């Protein structure tokens, strides 16, 4: 019986949040959101940039298979790789005739500017798999990027 009285008394003394406490919580959540939203936007842009780089690596790998089957060829377009089923999808890499892989010591990819988010673009200019993997640029930084071929290691360094 005594427990029931204590519990009833405890229920009667409970109060909800005051308006000031509720406003404080809302302000804290707004501050956290103001910090988090730009960071999430940068993560999304970096991910889109990395997705285009992954598409480029897929094109280069498909070209490796193509050049293995066609050793007399020295160049192949992305459209040819798609038409001849060496590549299921080129992702963000356009099928145009200017987007091609050239057979050299290492296969190199050359493309026109590829939009990966809003007005930000990336261009592959004789890029190899190593140069794409070695690229340290962030997708959320400067707007137009170019991934060139890897620098040769035959030069002298001081």
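The values are calculated or read from the model by the stated rules, or taken from the named source; none is laboratory data. All values reported here derive from a predicted model rather than from experimental measurement. Neighbour counts run over all protein chains shown; Cβ positions are idealised from the backbone, glycine included.
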* Asked: Just for the range 116-145: of the residues that are without any contact (Cβ under 8 Å) to a residue 40 or more places away in the chain and either surrounded by 14 or more Cβ atoms within 10 Å (Cβ to Cβ) or in contact with a helix residue (DSSP H, G or I) (Cβ under 6 Å, 6 or more places away or on another chain) (or both), which one is nearest to residue 46 (Cα to Cα)?
  -> 121
* To do: Within the range 71-80, count every residue that is within 28 Å of residue 117 (Cα to Cα) and either in contact with a strand residue (DSSP E or B) (Cβ under 8 Å, 6 or more places away or on another chain) or surrounded by fewer than 14 Cβ atoms within 10 Å (Cβ to Cβ) (or both).
  => 3
* To do: Would you check if there is a residue in the range 26-38 being within 30 Å of residue 146 (Cβ to Cβ) and touching a residue at least 40 places away in the same chain (Cβ under 8 Å)?
  => no
* Identify the single condition in (1) surrounded by fewer than 17 Cβ atoms within 10 Å (Cβ to Cβ); (2) in contact with a strand residue (DSSP E or B) (Cβ under 9 Å, 6 or more places away or on another chain) that residue 65 does not satisfy, given that it satisfies every other one. => (2)
* Asked: Looking at the range 23-46, is at least one residue under 22 Å from the mean Cα position of the chain (by Cα) and buried (at least 16 other Cβ atoms within 10 Å of the Cβ)?
  -> yes
* To do: Report yes if residue 31 is farther than 30 Å from residue 92 by Cα and modelled with pLDDT of 90 or more, otherwise no.
  => yes
